[in-house]
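Presented below is the structure to which this report refers.
The numbers here are math on the coordinates, done by the rules we state, and not lab data. These numbers were taken from a predicted model, which means no experiment stands behind them. Backbone-built Cβ (ideal geometry, glycine too); neighbour counts: all protein chains shown.
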Amino acid sequence: DSGVTQTPKHLITATGQRVTLRCSPRSGDLSVYWYQQSLDQGLQFLIQYYNGEERAKGNILERFSAQQFPDLHSELNLSSLELGDSALYFCASSPGLSYGYTFGSGTRLTVV
Amino acid sequence: AQSVTQPDIHITVSEGASLELRCNYSYGATPYLFWYVQSPGQGLQLLLKYFSGDTLVQGIKGFEAEFKRSQSSFNLRKPSVHWSDAAEYFCAVVGTSYDKVIFGPGTSLSVIP
């Protein structure tokens, strides 16, 4: 157990639907990062939150959004889902980048 | 922009043999560098990191990596590979804005008994 908890582990949904992925960071870590992992794109940075505030954005589609709550857990919302959104979505937390990330075990999203 | 390349998409080694996984980065200053390992169906686990000091760093599971500024490389090594080392290995660098980690495409390692 890495200390970063992601739920659900698997999600199967239809095109056009909306889903929410949840992440609880390791205790004490204020930063949460979301990544998408697919075979053709590799690990792509989506967004970072620090203590409730958005800090950095990467290759995140407009159909995707995220937030970090006062208890520091984070949610990634994916809407108007397309087949190409099928991927592994990872959350990672860190006390600071020089320490590296601690990753959760990911949510495997399948859009059918 | 920063980038990380891992020239080898897939490597196969025999159990007990030595291993070297290559990583090259593009970065202006001294980078923060990492190696992560991902076992099938798992998240990524940090093996080791470098950001200053001794250019040879030791990590978990018997891995080490050497930072060579002149070659912009940060290769991962292990003297004797175990079957349980079969996994995907990612080299990574912190972006210049210090706001995220950029990952290489990964090298898949297979171990032959």
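Given Cβ point charges of +1 (Lys, Arg) and -1 (Asp, Glu) and nothing else, what value in debye, to the nearest 20, does the dipole of the protein assembly as shown about its Cα centre take? Mind dumping the intermediate values first?
Details: 16 positive and 19 negative charges, 18 e Å.
The dipole of the protein assembly as shown has a size of about 80 debye.
Calculate the mean, over all residues of peptide A:38-46, of how many other protein chain Cβ atoms lie within 10 angstrom of the residue's Cβ.
Working: counts 0, 0, 0, 1, 6, 11, 2, 6, 1.
Per residue, the number of nearby Cβ atoms from other chains is 3 on average.
Which lysines have a Cα less than 18 Å from the Cα of B:Lys68, not counting those fewer than 8 places away in the same chain?
Cα-Cα hits under 18 Å: B:Lys49, B:Lys78.
Once both labels are modelled 7 Å past Cα along the beta-carbon direction, what's the B:Tyr98-A:Arg108 spacing in nm?
Simple spin-label model gives 3.8 nm for this pair.
Taking every residue in A:89-101, how many Cβ atoms of other protein chains lie within 10 Å of its Cβ, on average?
Values: counts 0, 3, 1, 6, 0, 1, 0, 1, 10, 6, 5, 15, 9.
Neighbouring Cβ atoms belonging to other protein chains average 4 per residue here.
Kindly give the semi-axes, whole Å and largest first, of the ellipsoid equivalent to chain B, taking each as the square root of 5 times a Cα gyration tensor eigenvalue.
Numbers: eigenvalues 109, 42, 29 Å².
Working from the Cα gyration tensor, I get semi-axes of 23, 15, 12 Å.
Do any trypsin sites (Lys or Arg not before Pro) in the range A:1-39 lie in a DSSP loop with no more than 13 other beta carbon atoms within 10 Å, and if so, which? Walk me through the intermediate numbers first.
Values: sites: A:Lys9, A:Arg18, A:Arg22, A:Arg26; in loops: A:Lys9, A:Arg18, A:Arg26.
Qualifying residues, ordered by number: A:Lys9, A:Arg18.
What is the magnitude of the charge dipole of chain B about its Cα centre, with +1 placed on the Cβ of each Lys and Arg, -1 on the Cβ of each Asp and Glu, and no other charges, expressed in debye to the nearest 20? Present the calculation step by step, with values, prior to reporting the outcome.
Values: 8 positive and 9 negative charges, 41 e Å.
The dipole of chain B has a size of about 200 debye.
Please say if the range B:1-65 is rounded, prolate or oblate, where rounded means a/c under 1.5 for a ≥ b ≥ c the square roots of the C-alpha gyration tensor eigenvalues, and otherwise the choice is prolate for a/b larger than b/c and oblate otherwise?
Working: a/c = 1.62, a/b = 1.42, b/c = 1.14.
Here the range B:1-65 falls in the prolate category.
Compute the orientation-averaged projected area for the protein assembly as shown from the convex hull of its Cα atoms and round it to one decimal in nm². Display every interim value, and only then the final one.
On the way: hull surface 49.3 nm².
Over every viewing direction, the Cα hull of the protein assembly as shown projects on average to 12.3 nm².
Please identify every one of the GluC sites (Glu not before Pro) in the range A:56-112 that sits in a loop by DSSP and has no more than 16 other beta carbons within 10 Å of its own beta carbon.
Values: sites: A:Glu62, A:Glu75, A:Glu82; in loops: A:Glu62, A:Glu82.
Listed in order of number, the matching sites are A:Glu62, A:Glu82.
Want the number for A:Gln67 to A:Asn51: 0.36 nm per residue separation, take away the alpha-carbon distance, what's left? All intermediate terms of the calculation are to be shown ahead of the outcome.
Values: separation 16, 0.36 × 16 = 5.76 nm, distance 1.03 nm.
Working it through step by step, the gained length comes to 4.7 nm.
Starting from the Cα of B:Ser3, step 7 Å toward the Cβ, then list every residue of the range B:78-113 with an amide N under 18 Å from that point.
Those under the cut-off are B:91-97, B:101-107.
Given R₀ = 25 Å, FRET efficiency for A:Thr7-A:Asp40 by Cβ-Cβ distance, to 0.05? Present the calculation step by step, with values, prior to reporting the outcome.
Working: r = 26 Å, r/R0 = 1.04.
Efficiency computed from Cβ-Cβ geometry: 0.45.
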